Amino acid sequence: MTAPWSLLVVSTPVGTLGSGAGGGVELTLESLVAGLLGRGHQLTVLAAEGSRLSSSCQAARLWTAAGVDQPSWQHQLRDAPVQIPAAGLLPAIWQQVHARQGQFDAVLNLAYDWLPFWLTPLLRTPLFHLVSMGSVATVMDEVIEAVALSDLRRLAFHSRAQASDFRLPAPPLVVGNGFDLSAYSFRERPDPEPLLGWAGRIAPEKGLEDAAAVAASLGERLLVWGVREDPTYAAAVEASVPSGTIEWRGFLPTSALQAELGRCRLLLNTPKWNEAFGNVVVEAMACGVPVVAYARGGPGELIVPGVTGVLVPPDDVAALTLAARGAAGLERSACRRWVERHASREAFAERIETWIQEGLRPA
Ligand code: UDP
């Protein structure tokens with residue numbers, strides 16, 4: 001099928017677009033939609049009622065569905081069954097997809113949920129999935145692996161480390177992610193402030209406690225941005241370090257986030273899980289901020305050690321502290337350059353287009 005296409009992009013059933021509750025998927029969706037619009041496609045986004053699309057996506061049509069949020073998979077036990085709450089948002093979304101699929105050349109799902117993967121062979125319109133997390137539950141592994149077995153071309157992953165969680169019949173497509181470079185301002189700062197940054201959903205799988213421990217040992221302030229998904233956990237992290245170590249900055253829109261992030265001398269990234277990608281790592285680098293991270297998941301593939309940051313063995317807080325202390329020689333311009341070369345929105349949209357093009361060919 002020749003481009004341009006009419007595409008339906010389906011968002012997460014966790015929170016509205018713009019709220020931050022959907023984590024990195026929100027920015028990924030924005031980037032993907034804006035990038036594909038730029039390549040001449042017609043885009044419709046289906047998301048939770050109350051969602052907003054950013055100015056870069058205004059040419060896309062927004063459809064919404066109402067219902068109760070899905071519980072996030074990353075906070076379930078590994079052998080948990082599939083749960084759908086009464087009056088759930090997830091079935092409301094997929095009922096609309098089913099009813100209106102005939103208007104589209106393809107449907108692109110960004111939600112990490114059992115129902116859309118399971119529906120793959122049942123929809124008349126080809127359904128593609130950009131998988132947003134690694135393995136977190138057996139029933140999710142099963143349904144993702146079933147799609148892979150029937151047609152691996154329907155799946156794309158953000159990083160090799162993420163994809164390696166799943167038993168796949170052949171090497172999968174890894175598309176990385178893409179960022180609107182013009183949204184992140186880069187400045188050389190010969191003398192950056194002695195400030196450390198940390199950004200992400202404030203939840204145990206993100207390991208904020210390790211970054212706080214580093215800041216406490218170095219006697220530097222740690223600025224923290226993100227949705228306080230687990231307030232009990234946030235309070236425990238705050239109590240684990242001297243008062244004033246953490247400065248909670250809240251969840252900020254990209255324009256405000258990048259302005260604050262750019263002031264930091266380093267971003268600390270401390271995933272306790274197999275992080276699928278790590279948007280915040282690339283966002284920091286786009287502002288010229290090097291990243292000290294655990295060599296785990298996506299960040300292990302995004303950071304060039306000694307050039308754009310430092311990678312240390314996972315969960316080794318002493319190594320993280322040592323790296324954060326000694327990371328003064330990294331060039332801010334090298335960080336920005338890496339993002340321009342590897343993670344632009346334009347290049348990402350091209351990779352997504354090629355993926356769909358291949359997937360629409362007869363098997
Ligand atoms: N984020 C934001 N404002 C904030 C803090 C975070 O917009 O104040 C966004 C950030 O841009 C990123 C997302 O939150 O896109 C976090 O995504 P990431 O891939 O790092 O982790 P996830 O939440 O998907 O596990």
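The values are calculated or read from the model by the stated rules, or taken from the named source; none is laboratory data. What you see is a predicted model; the values in this text were computed from it and never measured. Neighbour counts are summed over all protein chains in view; Cβ atoms, including those assigned to glycine, are modelled from backbone coordinates with ideal geometry. When the accessible area is computed, the model is the full protein with side chains, heavy atoms only, and any ligands, DNA or RNA have been set aside. Shrake-Rupley method; radii C 1.70, N 1.55, O 1.52, S 1.80 Å.
State yes or no: is GLY20 within 16 Å of the ligand (Cβ to nearest atom) and open to solvent by less than 30 Å² (accessible area, probe 1.4 Å)?
Considered against the rule, which asks whether it is within 16 Å of the ligand (Cβ to nearest atom) and open to solvent by less than 30 Å² (accessible area, probe 1.4 Å), GLY20 comes out as yes.
Going by the conditions given, is ALA256 within 13 Å of the ligand (Cβ to nearest atom) and without any contact (Cβ under 8 Å) to a residue 12 or more places away in the chain?
yes
So which residues in the range 1-14 are within 16 Å of the ligand (Cβ to nearest atom) and either open to solvent by 10 Å² or more (accessible area, probe 1.4 Å) or modelled with pLDDT under 95 (or both), if there are any at all?
THR12, VAL14, listed by residue number.
When the residues of the range 194-235 are filtered to those that are at pLDDT 95 or above, part of a loop (DSSP other than H, G, I, E, B) and within 22 Å of ALA328 (Cβ to Cβ), which remaining residue is least open to solvent (accessible area, probe 1.4 Å)?
GLU220
Can you work out which of the residues in the range 260-281 that are more than 16 Å from the chain's Cα centre (by Cα) and more than 11 Å from the ligand (Cβ to nearest atom) is nearest to THR321 (Cα to Cα)?
LEU268
Evaluate the range 95-109: report whether one residue or more is within 16 Å of the ligand (Cβ to nearest atom) and either aliphatic (A, V, I, L, M) or open to solvent by 70 Å² or more (accessible area, probe 1.4 Å) (or both).
No, every residue in the range 95-109 fails to be within 16 Å of the ligand (Cβ to nearest atom) and either aliphatic (A, V, I, L, M) or open to solvent by 70 Å² or more (accessible area, probe 1.4 Å) (or both).
Check ASP165, ASP191 and return the single one that is touching a Ser or Thr at 6+ places or on another chain (Cβ under 6 Å), open to solvent by 50 Å² or more (accessible area, probe 1.4 Å) and assigned to a loop (DSSP other than H, G, I, E, B).
Exactly one residue qualifies, and that residue is ASP165.
Run THR16 past the list (1) free of Cβ contacts under 8 Å to residues at least 40 places away in the same chain; (2) farther than 23 Å from TRP114 by Cβ and report the number of the one that doesn't hold.
Going through (1) free of Cβ contacts under 8 Å to residues at least 40 places away in the same chain; (2) farther than 23 Å from TRP114 by Cβ one by one, THR16 breaks only (2).
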